[in-house]
1. Which one, Y142, N119, S92, projects farthest toward the positive side of the charge dipole computed for the chain from Cβ point charges (K/R +1, D/E -1)?
2. Accessible area of L152, 1.4 Å probe, to the nearest 10 Å²?
3. With r defined as the distance between the Cβ atoms of W79 and F203 and R0 fixed at 30 Å, what FRET efficiency is calculated, to the nearest 0.05?
4. Would you be so kind as to identify which of T23, S181, Y108 lies farthest towards the positive end of the dipole of the chain, taking Lys and Arg as +1 and Asp and Glu as -1 on Cβ and the Cα centre as origin?
5. In terms of the Cα gyration tensor, with a ≥ b ≥ c the square roots of its eigenvalues, is the stretch 95-230 rounded because a/c is under 1.5, prolate because a/b exceeds b/c, or oblate?
6. Using 7 Å Cα-to-Cβ label points, what is the I107/W188 separation (nm, one decimal)?
7. What's the extension gain from D131 to K49 if we count 0.36 nm per residue and subtract their Cα-Cα distance?
8. Using the Cα centre of the chain as the reference point, and only Cβ charges (+1 on K/R, -1 on D/E), how large is the resulting charge dipole? Debye, rounded to the nearest 20.
Amino acid sequence: MTTICIHQPDFVPYLGFFQRLVTADHFIILDDVKFIRDGWQHRDRIKSKNGAVWLTLGVRKGSHHLPINQVELSDSPTWIEKNLNLLRECYSKAAFFSEVFPQVERIYLAGHRLMIDFNRAMLDLAMSYFDIEIHVSLASEYEIVATRTARLVELVRATMGRNYLSGIGSRDYLDVEMFQSAGLTVIWQDFRHPVYPQMHGDFAPMLSCLDLLFNCGRDAAGVLRSTLHG
């Protein structure tokens with residue numbers, strides 16, 4: 001039975017994001033919900049010699065009023081230079097820096113105007129390393145006007161799904177009974193963070209996927225699948 005995962009197009013997200021894509025059949029990018037300034041669509045954490053630091057995209061002022069798919073990147077080159085220099089500083093001595101960094105740099109220098117296009121390019125890069133092949137579509141394609149849980153239900157139905165795979169972070173607000181009334185099953189993600197070779201001291205979990213890619217390269221796929229249980 002078809003399992004659907006629905007999520008915002010986050011910027012280089014942590015491994016739990018990708019574990020859902022390993023087990024789902026269809027990934028719907030929630031591209032037409034409001035951009036959250038203190039959310040994860042334009043930032044995530046990487047590891048420096050002094051601990052976790054933010055890697056943050058530059059977006060135009062006033063973006064918090066817009067849906068994600070309309071948010072534009074800043075046209076100033078400063079944030080690009082800052083991001084690339086921070087990645088060099090944190091990972092230049094990582095085992096797979098020379099392989100991964102040029103690919104990341106190409107995305108930064110590709111001239112993307114919209115944040116979602118930049119993020120999708122990064123997601124595609126990570127998915128190639130994780131050996132993830134999944135059908136991907138945009139929520140905006142379905143023109144669904146419902147909100148909150150009702151919207152998720154309609155998206156799953158629109159894609160002929162039977163199961164909705166959800167992260168545990170939504171337990172507090174997801175209306176499971178609404179899914180059940182529609183004949184759908186909610187599956188809760190079971191994610192336990194893997195430990196892998198990492199630079200800069202003791203292992204730090206919950207970082208951007210870039211940390212794993214720089215440290216493990218193509219072995220990242222095996223690390224991610226080690227989180228699957230049963």
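1. The listed residue farthest towards the positive side: S92.
2. 20
3. My answer for the efficiency is 0.55.
4. Y108
5. oblate
6. Roughly 3.1 nm, to one decimal.
7. This chain segment gains 26.6 nm when fully extended.
8. 440
The values are calculated or read from the model by the stated rules, or taken from the named source; none is laboratory data. Computed from a predicted model, the values in this text were never measured in an experiment. Note that each Cβ is placed from the backbone with ideal geometry, even for glycine, and that neighbours are counted across all protein chains shown. These accessible areas exclude ligands, DNA and RNA; they are computed on the full protein's heavy atoms, side chains included. Shrake-Rupley method; radii C 1.70, N 1.55, O 1.52, S 1.80 Å.
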